[in-house]
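Asker: One structure is given below, represented as structure tokens, and several questions about it will come after.
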Amino acid sequence: MQLTRFLTLALILVACSPAWLRAQSYAAADIQYGAKLFGEQCTVCHGGSGDAVAGVDLRANRFKRSTSDGDLRGVITAGVEGTGMPPFKFEAPELTAIIAYLRNMRTFDQKNTLIGDAARGRALFDGKGQCATCHRVNGRGPRVAPDLSDIGALRTPDAILRAMVDPEAEIRHANRSIRAVTRDGKVITGRRMNEDTYTVQLIDEQERLVSLVKSNLREYGLVRRTGMPSYRDKLTTAEVADVLAYLLSLKGL
Amino acid sequence: MKTNRAILAMLLTAALPLAARAQVTPTRLARAADEPHNWITYSGNYNGHRHSPLKQIDAANVKNLELKWVFQANSLQSFSATPLVVDGIMYVTQAPNDVVAIDAVTGKVFWLYHYAAEPGRLCCRGQVNRGVGILGDTLFMATVDAHLVAIDAKNGKPIWKTKVGDASNAYGMTLAPLVIKDKVIVGVAGAEFGIRGYIVAYEAATGKEAWRFYTIPGPGEPGFETWKDGGDSWKHGGGSVWTTGTYDPELNLTYWGIGNPGPDFNAAQRPGDNLYSDSVVALDADTGKLKWHFQFTPNDPYDYDSTQVPVLVDGTWKGTPRKLMYFANRNGFFYVLDRATGEFLQGKPYVSLNWARGLDAKGRPQTTPQPAGEATYPGPLGATNWYSPSYNPNTGLFYLSAWENYGQVFDAGDPIEFREGQNFTGGRLALPPGAPAMPGMQRGPVNTWHEGNAHGTVMAIDPVTGTRKWGYPMHDVTTSGVLTTASDLLFVGGREGYFHALDAESGSLLWKLNVGGETAAGPMTFMAEGKQLVAVAAGHSLYVFGLR
């Protein structure tokens, strides 16, 4: 009986955990993105295996000046005075990714399956994936769904990936769709931009900025489901990886 | 007919608050008076009138004004912006360079765009911003680090960014861009650090430069002969542009006030008139080509920046219909020019001054340099400054905030050598003999000035005679712009923290409220859900008033 309960519990934990995306406590997509950035930015000094600087072995996951991820962030962004380590300017998600990679260098599987090719991803975004029918990028496309022009500077690869495969779980509060009915029966739906106790601000389906006073409404509530489909089955894993690469390349102005 | 259209527009807005509205087209910008519920360009209209055809708030009910909402800026910089209101949405900047979209009825924010300026910038005297321009669904903001940014008005995302000047070399921008047809026009500031100024137009769609007019001409260009030192003084000749210009669609000319020459106070090291410093220039809006210029203060040793808004009025002059320009200059004279030709028609002092005894037949000042140690009036911050004037077509009067009895002792000092990134004002300023402290650019936390050393006056000038019709004196100096309405109300703030409504005809006080902070911008008015509201920035907040 006890064994059954234990197995059931273990099964539930495994089923609930997005383990297929993660390695240890760092998300697989973040680690892979970190590996890519590390390859572009860090290998000149640290080498591909992280041990090219005398006395520094990044693979060991033990650092001279850092214990926590916050320490690592500090070293990367501020540099180390008196050494060859300069300060780097990374967007927050990039920093998260590099640290995720540093923590997992030793076990990292070089086979990159989660982050694909940005050019192919762009074609999928505009074409087969039909992302551009709702999302706007760099001044082009509708504003019904969130503008993604700088999504690569705002969200980690893991968060973007989860939004693509499980949008219901990942949608942010500010982007929830809402439905309101005025006292004279007019129905207003749109994407929430801001809300407080008495009012709500949204962009409606005609892309108008609308501000509503709740006391003037007959009905008001969140729309349970997002209009964003899951791409788990709509695109192949490789295609999702390509779209992710494209989205990560969008860093805004 | 015009009034009918305006009423229709108002009714439509009131009845259909959620109805689809057209984008802000060049035609709408040129006919801003047809949609008085909106405020779609810096001065309210291309003429620079800062006058609204709205009259719901009037002399009888103004006492019933109450606070509707406040936008508190997350910034300790001076709140110098005039908001735009387009069909119920307000767009305003939070210093130095954030843009906020606000519901004009509730004051709640739709979105905020934060612009991170390059570090190490030198410009400007105050990290401020005077507001945005709009075309279509795109907003345009000029930044303190000399970039022009196009921003999606619906969601606050930047669309393009163009470098206008070199921020590390003190080029910067604080003005609200002026949108004309398919172009966005801005100008650079930084004369106190030895820039060479320019006005520049960009394609609104792409940010590509369309034309550029140097406010300090270079070798081979007309006006270069007015830099007579034979050296390279023109390269650091100043000529900042930091207040939004105006536009006459019929003449297709855009008018801009140009700032002081550099170095500010040592005029001897830049002999000549120093065009186009302290001038107003008329430029072809399509090409940027100079049509005419008029210089108010040649070889200026007093920092009499001509950065005021050129006010355009179609009127009659000595019985003949003319396209006129009214210009209340920082040097203390009120000018009337023919804006088609630049011809000088009249110039009269609107404050007591002693730097010139008058103007000759062509408007050139007959200067009276003061003996060493004696005060010159007005002082370096001028008889007026960037804060907008207003023109009310009903009363035919011109209104402005002015500093009276304000002088300082100027000493040109030794020639100053230009050094990149260093102050390039030259000279020395001193208090008039026996005078207590003079008011400066920024007000301190307490009242530190006294009778006899400058005070502010809101005044009405009859442009035909050039004489003062009335004046409303304040104890402190004032940096507030002026708004008038078709109900002949005049709204104005001040440094003392009061927001006032005056009778535009008589200057008498109708209503006031202590909003507790300096006003360094012009008030504006608009209509939302059928009700007229008045907005004024004071301290670090924007206050919006409406009738009870």
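The values are calculated or read from the model by the stated rules, or taken from the named source; none is laboratory data. These numbers come from a predicted model, not from an experiment. Heads up, the Cβs are rebuilt from the backbone with ideal geometry, glycines too, and the neighbour counts pull from every protein chain shown. Just so you know, the surface numbers come from the protein's heavy atoms only, side chains and all, with ligands and any DNA or RNA stripped out. Shrake-Rupley method; radii C 1.70, N 1.55, O 1.52, S 1.80 Å.
Asker: Residue pairs, Cβ under 8 Å, 6 or more apart or interchain, first in region B:89-117 and within 22 Å of residue B:545 (Cβ to Cβ), second among the acidic types (Asp, Glu). List them.
Answerer: B:89/B:103; B:90/B:103; B:105/B:529; B:108/A:196; B:109/B:103; B:110/B:103
Asker: Test each condition in (1) under 18 Å from residue B:456 (Cβ atoms); (2) at pLDDT 95 or above for residue B:407 and report the one that comes out false.
Answerer: Every condition holds for residue B:407 apart from (2).
Asker: Moving on to the next point. Would you call residue A:53 in the same structural domain as residue A:30 (by TED's automatic domain parsing), modelled with pLDDT of 90 or more and closer than 30 Å to residue B:116 by Cα?
Answerer: In short, no.
Asker: On to the next question. If a residue must be buried (at least 20 other Cβ atoms within 10 Å of the Cβ) and within 14 Å of another protein chain (Cβ to nearest Cβ), how many such residues does region A:109-142 contain? If you could, list the steps in order and put the result at the bottom.
Answerer: Initial filter on region A:109-142 (buried (at least 20 other Cβ atoms within 10 Å of the Cβ)): A:114-116, A:121-122, A:124-125, A:129, A:131, A:135-137.
From what's left, within 14 Å of another protein chain (Cβ to nearest Cβ): A:135-137.
Adding up the residues that qualify gives 3.
Asker: Please specify each residue of region B:316-330 satisfying the condition of being of a type outside the set (Lys, Arg) and open to solvent by less than 20 Å² (accessible area, probe 1.4 Å).
Answerer: Listed by number, the residues that qualify are B:317, B:324, B:325, B:326, B:327, B:328, B:329.
Asker: Taking the condition of a type in the set (A, V, I, L, M), farther than 18 Å from residue B:99 by Cα and modelled with pLDDT of 95 or more, does residue B:191 pass?
Answerer: Judged against the criteria, residue B:191 is not a match.
Asker: Please work out if residue B:67 is of a type in the set (A, V, I, L, M) and either closer than 15 Å to residue B:173 by Cβ or within 14 Å of chain A (Cβ to nearest Cβ) (or both). Walk me through how you get there before you give the answer.
Answerer: Details: of a type in the set (A, V, I, L, M): yes; either closer than 15 Å to residue B:173 by Cβ or within 14 Å of chain A (Cβ to nearest Cβ) (or both): no.
Answer is no for this residue.
One line per residue, one yes/no per condition, for (1) open to solvent by less than 10 Å² (accessible area, probe 1.4 Å); (2) within 28 Å of residue A:151 (Cβ to Cβ); (3) modelled with pLDDT of 95 or more:
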| position | (1), (2), (3) |
| --- | --- |
| A:177 | no, yes, no |
| A:186 | no, no, yes |
| A:197 | no, no, yes |
| A:203 | yes, yes, yes |
| A:210 | yes, yes, yes |
| A:217 | no, no, yes |
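Asker: Counting only residues that are over 28 Å from residue B:28 (Cβ atoms) and open to solvent by less than 10 Å² (accessible area, probe 1.4 Å), how many does region B:191-215 have?
Answerer: So the answer is 5.
Residue by residue, here is whether (1) away from chain A (no Cβ under 12 Å); (2) in a strand (DSSP E or B); (3) open to solvent by 30 Å² or more (accessible area, probe 1.4 Å); (4) modelled with pLDDT of 95 or more holds:
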| position | (1), (2), (3), (4) |
| --- | --- |
| B:85 | yes, yes, no, yes |
| B:96 | yes, no, yes, no |
| B:99 | yes, yes, no, yes |
| B:107 | no, no, no, yes |
| B:111 | no, yes, no, yes |
| B:118 | yes, no, yes, no |
| B:122 | yes, no, yes, no |
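Asker: Among strands (runs of 3 or more DSSP E) lying entirely in region B:444-548, which contain 2 or more residues that are under 17 Å from residue B:69 (Cβ atoms)? Spell out the reasoning first.
Answerer: Working: elements: B:455-462, B:467-474, B:482-485, B:489-492, B:498-503, B:509-514, B:524-528, B:531-538, B:541-547.
Qualifying strands (runs of 3 or more DSSP E): B:524-528, B:531-538, B:541-547.
Asker: If the Cβ limit is 6 Å and pairs must be 6+ apart or interchain, which residue in region B:139-155 that is within 12 Å of chain A (Cβ to nearest Cβ) pairs with which residue that is of a type in the set (Asp, Glu)?
Answerer: Here the result reads B:153/B:137; B:154/A:207; B:154/B:137; B:155/A:147, each pair linking region B:139-155 to a residue that is of a type in the set (Asp, Glu).
Asker: Applying the selection to region B:154-184, what residues are polar (S, T, N, Q) and open to solvent by 10 Å² or more (accessible area, probe 1.4 Å)? I'd like the intermediate steps shown before the answer.
Answerer: As a first pass, look at region B:154-184 and keep what is polar (S, T, N, Q): B:155, B:162, B:168-169, B:174.
Within region B:154-184, B:155, B:162, B:168, B:169 qualify.
Asker: Restricting the first residue to region B:64-88 and requiring it to be more than 11 Å from residue B:538 (Cα to Cα), which pairs with a second residue that is part of a strand (DSSP E or B) and acidic (Asp, Glu) meet a Cβ separation below 8 Å and a spacing of at least six or different chains?
Answerer: Here the result reads B:74/B:98; B:75/B:98; B:88/B:103, each pair linking region B:64-88 to a residue that is part of a strand (DSSP E or B) and acidic (Asp, Glu).
Asker: Separate question: Check whether at least one residue in region A:152-172 is under 19 Å from residue B:109 (Cα atoms) and more than 11 Å from chain B (Cβ to nearest Cβ), and report yes or no.
Answerer: Among the residues of region A:152-172, at least one is under 19 Å from residue B:109 (Cα atoms) and more than 11 Å from chain B (Cβ to nearest Cβ), which makes the answer yes.
Asker: Suppose the filter is open to solvent by 40 Å² or more (accessible area, probe 1.4 Å), part of a loop (DSSP other than H, G, I, E, B) and at pLDDT below 95; does residue B:264 pass it?
Answerer: no
Asker: Here is a follow-up. Count, please, the residues in region A:24-46 that happen to be exposed (fewer than 15 other Cβ atoms within 10 Å of the Cβ) and not in a loop (DSSP other than H, G, I, E, B).
Answerer: 5
Asker: For residue A:67, are the conditions met, namely being in contact (Cβ under 8 Å) with a residue 60 or more places away in the chain, over 19 Å from residue A:247 (Cα atoms), open to solvent by 70 Å² or more (accessible area, probe 1.4 Å) and not in a helix (DSSP H, G or I)?
Answerer: no
Asker: Of all residues in region A:187-203, count the ones that are more than 8 Å from chain B (Cβ to nearest Cβ) and of a type outside the set (Ser, Thr, Tyr).
Answerer: 7
Asker: Next question, about the same structure. Determine the pairs where a residue that is farther than 14 Å from residue B:536 by Cα, located within region B:37-53, has a partner that is open to solvent by 10 Å² or more (accessible area, probe 1.4 Å) and in a loop (DSSP other than H, G, I, E, B) with Cβ atoms under 6 Å apart, the partner being 6 or more residues away or on another chain.
Answerer: Hits for this filter: B:53/B:486.
Asker: Could you tell me which residue of region B:72-83 is nearest to residue B:177 (Cα to Cα), considering only residues that are among the hydrophobic types (A, V, I, L, M, F, W, C) and surrounded by 22 or more Cβ atoms within 10 Å (Cβ to Cβ)? Steps first, please.
Answerer: First pass over region B:72-83, keeping only residues among the hydrophobic types (A, V, I, L, M, F, W, C): B:73, B:76, B:79, B:81.
Next cut, surrounded by 22 or more Cβ atoms within 10 Å (Cβ to Cβ) only: B:79, B:81.
Values: B:79: 17, B:81: 12 Å.
This residue is B:81.
Asker: May I pose another question? Determine, yes or no, whether residue B:489 is farther than 20 Å from residue B:131 by Cβ and within 23 Å of the chain's Cα centre (by Cα).
Answerer: Here the answer is yes, as residue B:489 does meet what is asked.
Asker: Here is a follow-up. Within region A:221-253, how many residues are away from chain B (no Cβ under 14 Å) and surrounded by fewer than 16 Cβ atoms within 10 Å (Cβ to Cβ)?
Answerer: Qualifying residue count, region A:221-253: 15.
Asker: Could you please find all residues in region B:156-198 being among the basic types (Lys, Arg) and within 14 Å of another protein chain (Cβ to nearest Cβ)?
Answerer: Of everything in region B:156-198, those that are among the basic types (Lys, Arg) and within 14 Å of another protein chain (Cβ to nearest Cβ) turn out to be B:157, B:161, B:163.
Asker: Okay, next question. Could you check region B:8-26 and list, in sequence order, the residues that are modelled with pLDDT of 65 or more and over 21 Å from residue B:310 (Cα atoms)?
Answerer: The initial filter retains those residues of region B:8-26 that are modelled with pLDDT of 65 or more, namely B:22-26.
Hits for region B:8-26 are B:22, B:23, B:24, B:25.
Asker: For region A:80-108, which residues satisfy the criterion of being among the small types (Gly, Ala, Ser) and open to solvent by 40 Å² or more (accessible area, probe 1.4 Å)?
Answerer: Within region A:80-108, A:82, A:84, A:92 meet the criteria.
Asker: Here's another thing I want to ask about it. It is to be established whether one or more residues within region B:135-153 are surrounded by 20 or more Cβ atoms within 10 Å (Cβ to Cβ) and more than 22 Å from residue B:200 (Cα to Cα).
Answerer: Within region B:135-153 (the criterion being surrounded by 20 or more Cβ atoms within 10 Å (Cβ to Cβ) and more than 22 Å from residue B:200 (Cα to Cα)), the answer is yes, since at least one residue qualifies.
Asker: What are the residues in region A:47-62 that are under 17 Å from residue A:97 (Cα atoms) and surrounded by 15 or more Cβ atoms within 10 Å (Cβ to Cβ), if any?
Answerer: A:50, A:58, A:59
Asker: For region A:136-228, which fully contained helices (runs of 4 or more DSSP H) count at least 1 residues that are in contact with a Phe, Trp or Tyr (Cβ under 8 Å, 6 or more places away or on another chain), within 30 Å of residue A:96 (Cα to Cα) and in contact (Cβ under 8 Å) with a residue 24 or more places away in the chain?
Answerer: Working: elements: A:151-154, A:157-165, A:167-170.
So the answer is A:157-165.
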